[in-house]
Each structure stands twice: as structure tokens, then as C-alpha cells.
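What follows draws every value from the coordinates through simple rules; no lab data is involved. Please read these numbers as outputs of a predicted model, since none were measured by experiment. Using ideal geometry, Cβ is built from the backbone for each residue, glycine included, and neighbour counts are taken over all protein chains shown.
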Amino acid sequence: MIAVTDQPIAIAACIDAVQAERAGAVDVFIGTVRNHNQSKDVVRLEFETFDSMAVKKMKELAEEASRRWPVEKVAMVHRKGVLSIGEVAVVIAVSTPHRNDAFEACRWLIDTLKQVVPIWKKEIYENGEEWLEAHP
Amino acid sequence: MIAVTDQPIAIAACIDAVQAERAGAVDVFIGTVRNHNQSKDVVRLEFETFDSMAVKKMKELAEEASRRWPVEKVAMVHRKGVLSIGEVAVVIAVSTPHRNDAFEACRWLIDTLKQVVPIWKKEIYENGEEWLEAHP
Amino acid sequence: MELTIHLYGITRDIIGQSRYVVQLPPGARVQQLLESVRTSYPELAELKSLLVAVNEEYAEAETPLSERDEIALIPPVSGG
Amino acid sequence: MELTIHLYGITRDIIGQSRYVVQLPPGARVQQLLESVRTSYPELAELKSLLVAVNEEYAEAETPLSERDEIALIPPVSGG
């Protein structure tokens, strides 16, 4: 399951999607909207996505992870639109036979997603807003 | 939430239990019963636990993780009794402000649980059974 | 040739619309597109990075462009 | 003194019951308990490790034991 969605992400469905009889380990990363970033109080977030390219890149990342580690299955779902504090922005689930591979593949997937998948996060504060990472 | 249970583990409840407004990241490890271990076909597993000491040790691990990393909340639930292939043996969820800490704390918790928490796993095969890790 | 550029995030805010039409000589490459939009919108030069996606793939500076391509400006991404 | 030892996993299988009563001189320590059970059940000496928990805490070889303690043999753990 690899998708961009404007609906709340069903975490349980992501975990179910990576079930495999040969898997002894699943690592799940859940990115949520926190109320504070770099000393600013965040009111809400907005994610904008280049949907088709984002899904294409996420599929490429899942394939690359499966080449690097003995991955059974990968699920990656990213939310778009307006999110409140506490809402889930992204879920990545990876199943592998042994746990070290699950941790490493999952961590690589979220790190690399943040570098290459065309998704943009705007933080909205009481007095203003900002696209993250835009400026040096 | 820290517990040993003879009922199926509710993964969603573990994840809900670590929600925190300051948390931007949750890492969840799910250990499941796989159908194969060291070239043997596993039919089912049986976990035996020293319940009170296991819960005490798991609480100590959660406290130690919170000293080592900026952890918001920890959930650890281990199953006991007879488990079939695919069933969930253990769930560990950790919430932190930033993702690296969630991955590191979660990985340390499962690694250390396997070393110090008094829980014993017996694998049952078509023709026999074996307590894991018992012999050199 | 007339290229339609899809805009997202801060580039959409800077240019003020979600699609931007730019005139470039036939056979123009990604590098010329970037020079053209940075000349028209100097704020784009202040971004940490600015890439171009051609048909949903990151393109090199030397990649040639055509009117049939789906072209997008990609400011620094920040998903997750 | 008479100590009741709680048994789990492979130690329960080896000794054949979930509690085992052992007679030791007053003031005996963990080390003497281990020597006693290994003498009675030599299979225990083949385990990768054998620890003793006293009142739900791993005990040192020198820890003294009393009849009021909750004592358990802890063979190699394998949770997770």
C-alpha cells in the first residue's frame, strides 16, 4: 500500500498490509503534527503534494529498500491538506524476517522520503505561516 | 501501558497510549510469530512468563529509555501462552519529539527486553519442541 | 516554444498561481528554464534549492524540454 | 532452612515441576543454591546461563537467602 491521501491515515490498515508469514518483525514509523517547532507554537499544518510524482517516488523508495534489505512488504501513506495538532502526517510500515532489518529499512525510508518525495509542509502559527526547509 | 497478557495484543491501543502533543514521531516495533526459524518449520510458539518480575523489568526499561532519550511515552505489551503463526508476540511503541530518538529508544527497548525480561519462548515443530536460547 | 510549468508550495506562493506559462526558444534546456524564472521572480533565487521535474522525474540542467513534457518546479521538499 | 524455588521454562521441564523445595544451611547464598540444584539436576549445568531472582530482582552469587524470599531460577530468557 503506497498512497497520498486527503483522509485520516488508517494506521491499522498499513500494519495489516505488511503482514507476511515469513516476517518476524514489523517496524512502523508514525509522523504526527506536534505543537511546537524551533521555538514556535504551531496551530496547524498544511501539506501540499505533487500527487502522481510523490507516489512514483515512494514506490521507487520501497523498491530500493527491498534491494538493500530482506524486506517482505512495505506500506507508505502520506497525508495531504490541512492537519491539526496530533494528527498523523505519514505512516511507514516495513516487515522483515529479523528486526534489525525492519528498523534500518524503516528509518532509511522516512529519511529518504523527506529528501526526495515532492511533498511540502507549511506550518501555520498564531501570527503567520512558513514553508519549511525553503530557505537556507 | 506496560503489561503481559494472555489475550491478543491490541496494537492500536498501544499506539494510542503514546500519543502526546509534543511528540512528532512514534516508532512501533511489532514482533510476530514467523513460520520458519533456523531452517526449522515452526508450527506454533509458546511463551512462558514470570509475570510480576517481567512487568517490573519492563517498567525499569521504560524508565531507563526515558533517561537516555527525550521520550514522551512508552508502551510495552508482551503476549504469553500459545501463539499461532502470524500472531503478535510483542508490541513496543515510543513517542518522542524527533524521529531519530524514537527509532533508537524503540530498538534499545526490544534489544534489552530480549536480554533481561524473564520471558521464555518455546518453538513447537512437527516433530518436537525447543526452548530457545537455552543451550550454548 | 510555450511551456506550462506546474507550481507547488513556496514557488506557487512566489509566482502567485499554480501554473505558469513561459516562452523559451525551441530545444531549450532545464538550465534555461531556471534562468528565465529566476530572472522574472528573483525571490526564487533565495530558495535553498530549486529543481525541475520533467515527466515526474528529477531532471538534469542539460535535459532538453519540449511542449509535450509535464514540467514542474520543485522547491525544497519537506514531507514526513 | 527450606527454600521454595519457582521454576520456569526449561528449568521447569528439567526438574519436572513448577516449584522445587531445597534444604540449605541457614545463611546460604545464591552460589550454594546453584551448586545444590546443579548437583541434583546435572542438565542444569548445560544451560547457556542460569541466574537466580530474589524478590523479582536478579541476585549476585554472594546474595544471602532466607525462607521469606521469593526465589526463582532464571534460565536464558528469550522473549520478544
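Taking segment A:90-136 on its own, how many of its residues are within 14 Å of chain C (Cβ to nearest Cβ) and of a type outside the set (V, I, T)? Lay out the reasoning, then the answer.
Taking segment A:90-136 as the starting set, the residues that turn out to be within 14 Å of chain C (Cβ to nearest Cβ) are A:90-92, A:106-124, A:128-136.
Filter once more, keeping what is of a type outside the set (V, I, T): A:106-109, A:111, A:113-115, A:118, A:120-123, A:128-136.
Number satisfying all stated conditions: 22.
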Pairs returned, first residue in segment C:1-28 that is in contact (Cβ under 8 Å) with a residue 24 or more places away in the chain, second residue that is small (G, A, S) and assigned to a helix (DSSP H, G or I), beta-carbon separation under 7 angstrom, 6 or more apart or interchain, are C:L24/C:S36
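Listed here are the residues, each with its yes/no results for (1) at positive phi; (2) of a type in the set (V, I, T); (3) under 12 Å from the mean Cα position of the chain (by Cα).
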{"position": "A:R99", "(1), (2), (3)": "no, no, no"}
{"position": "A:I110", "(1), (2), (3)": "no, yes, yes"}
{"position": "A:K114", "(1), (2), (3)": "no, no, yes"}
{"position": "A:E123", "(1), (2), (3)": "no, no, no"}
{"position": "A:N127", "(1), (2), (3)": "no, no, no"}
{"position": "A:A134", "(1), (2), (3)": "no, no, no"}
Select, from B:V88, B:V55, the only residue that is of a type outside the set (S, T, Y) and over 23 Å from A:D101 (Cα atoms). B:V55
Does A:E87 satisfy the criteria of being over 12 Å from the mean Cα position of the chain (by Cα) and more than 9 Å from every other protein chain (Cβ to nearest Cβ)? yes
Restricting segment B:10-23 to residues that are surrounded by fewer than 23 Cβ atoms within 10 Å (Cβ to Cβ) and touching a Lys or Arg at 6+ places or on another chain (Cβ under 8 Å), the residue that is farthest from the other protein chains (Cβ to nearest Cβ): B:A17
Scope segment D:29-55; condition free of Cβ contacts under 8 Å to residues at least 12 places away in the same chain and within 12 Å of another protein chain (Cβ to nearest Cβ); matching residues: D:A45, D:E46
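Here is a check on your reading of the model: is C:V77 outside any helix (DSSP H, G or I) and more than 14 Å from chain A (Cβ to nearest Cβ)? It would help to see each step written out before you state the result.
Numbers: outside any helix (DSSP H, G or I): yes; more than 14 Å from chain A (Cβ to nearest Cβ): no.
Criteria not met by C:V77.
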Residues of segment C:5-53 being part of a strand (DSSP E or B) and loosely packed, with under 13 Cβ neighbours inside 10 Å, which ones? C:R19, C:V21, C:Q23
Would you confirm whether any residue within segment B:30-43 is more than 10 Å from every other protein chain (Cβ to nearest Cβ) and more than 20 Å from A:A23 (Cβ to Cβ)? no
Note on B:Q7: of the conditions (1) surrounded by 14 or more Cβ atoms within 10 Å (Cβ to Cβ); (2) closer than 27 Å to D:A53 by Cβ, unmet is (1)
Of the conditions (1) farther than 27 Å from A:H78 by Cβ; (2) without any contact (Cβ under 8 Å) to a residue 60 or more places away in the chain, C:Y58 satisfies every one except a single condition; which number is it? (1)
Residues D:E70, D:E62: which one is more than 14 Å from chain B (Cβ to nearest Cβ) and of a type in the set (D, E)? D:E62
